[in-house]
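**Q** Submitted below is the structure of interest, expressed as structure tokens.
Read-outs throughout are calculated quantities, based only on the coordinates presented, and are distinct from any laboratory measurement. Computed from a predicted model, the values in this text were never measured in an experiment. Backbone-built Cβ (ideal geometry, glycine too); neighbour counts: all protein chains shown.
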Amino acid sequence: MADQCDLCLLGLIILSSLLTGSSGVNETDVFISSGENVRLPCNNHLSDCNSTTWTYSRHSAAVELITKGIKEKNTERHERLSLGSDCSLNIKNVTEEDSGSYTCRQYVNGEQQGTDERVFLHVLHVSPSSSSSSSQTEISPGRSVTLSCQLYSYSRLSCDVWVRSEGLHLLWVNQAGVDLKTDSRYQILFSSDHCIITLTTTLLNEDDNREWRCQLTLRNQLQTSVRYTVKYSVSSSNSEKKSSQTTAAAPTQGS
């Protein structure tokens, strides 16, 4: 009987660590595409936001973004930040530089109240690869283009652990949602940790306005995706030039 009780207690400890994180902090993961707007929840907020402080960290010491409900003015992302009525942190036009750890903490009379609420923001971004044989302005029918889709992730789990243990997966699809690995026209390569996936192809005349999407799924559920649309135009000298744009797909609910 004593052994059974010990096992029950051990199970409760493990369950608690899974729910609140190994440090006792409540943790949430949010996946978003660059260019999108995102809301980071603050589930430990009190009756109002005057006690709420939001901090951000990635490689260095934490930086305060919101202090007792007031937005700090000396941060690089000041203009893109706002505090929601539920004390959530809203970020407009997310970039890969926004990825990292955000902590919502409550203070009353200088004393911290409750536990931290930590949100890990993971950002999916697509760009022409620096290894591409042509620059953006030179890309035209007949030329090769390489697109790199990367998940910028700074959290308690490394990228390869997300892939191996949590079922995270990146893939390139066409407008119909078909995996481009099934088409021999495209070369699809992964980085060693599977959090960068590149697409290489030779552009055709009919690729004008063609859309490719990089999708991120977690446990077979779509989290977010980024569209890359090819556009050709003809200059006044009748030489073909290429312009491209990268946009986030319609937002999807994260895990």
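**Q** Straight-line reach only, C-alpha to C-alpha below 12 angstrom: list the aspartates and glutamates that Lys92 could link to, leaving out same-chain residues fewer than 8 apart.
**A** Glu36, Glu79
**Q** Would you kindly state how much longer the chain becomes between Asn209 and Asp179 on full extension, computed as 0.36 nm times their sequence separation minus their alpha carbon distance, in nm to one decimal? Display every interim value, and only then the final one.
**A** Values: separation 30, 0.36 × 30 = 10.80 nm, distance 1.86 nm.
So the extension gain works out to 8.9 nm.
**Q** Can I ask one more? Under a cut-off of 17 Å between alpha-carbon atoms, report the aspartates and glutamates in cross-link reach of Lys68, not counting same-chain residues fewer than 8 places apart.
**A** Asp48, Asp86, Glu111, Asp116, Glu117
**Q** Within the set of other residues whose C-beta is less than 11 Å from the C-beta of Ser51, count the net charge using Lys and Arg as +1 and Asp and Glu as -1. Each step should come with its number before you reach the end.
**A** Details: positive: Lys68, Arg105; negative: Asp48, Glu111.
So the surrounding residues net to 0.
**Q** Return a whole-number percent for the relative contact order of region 25-122, with Cα pairs under 8 Å and 6 or more residues apart as the contact set.
**A** Numbers: 212 pairs, mean separation 39.8, N = 98.
That works out to 41 percent.
**Q** Oh, and also: Please give, to one decimal in nm, the separation of the simple spin-label points placed at Val25 and Arg164, each 7 Å out from Cα toward the Cβ.
**A** My value for the distance between the label points is 2.4 nm.
**Q** Take each of the peptides 72-83, 88-99, average the number of other beta-carbon atoms within 10 Å over its residues, and list them starting from the highest.
**A** Values: 72-83: 13.1, 88-99: 17.4.
Ranking, from highest mean packing down: 88-99, 72-83.
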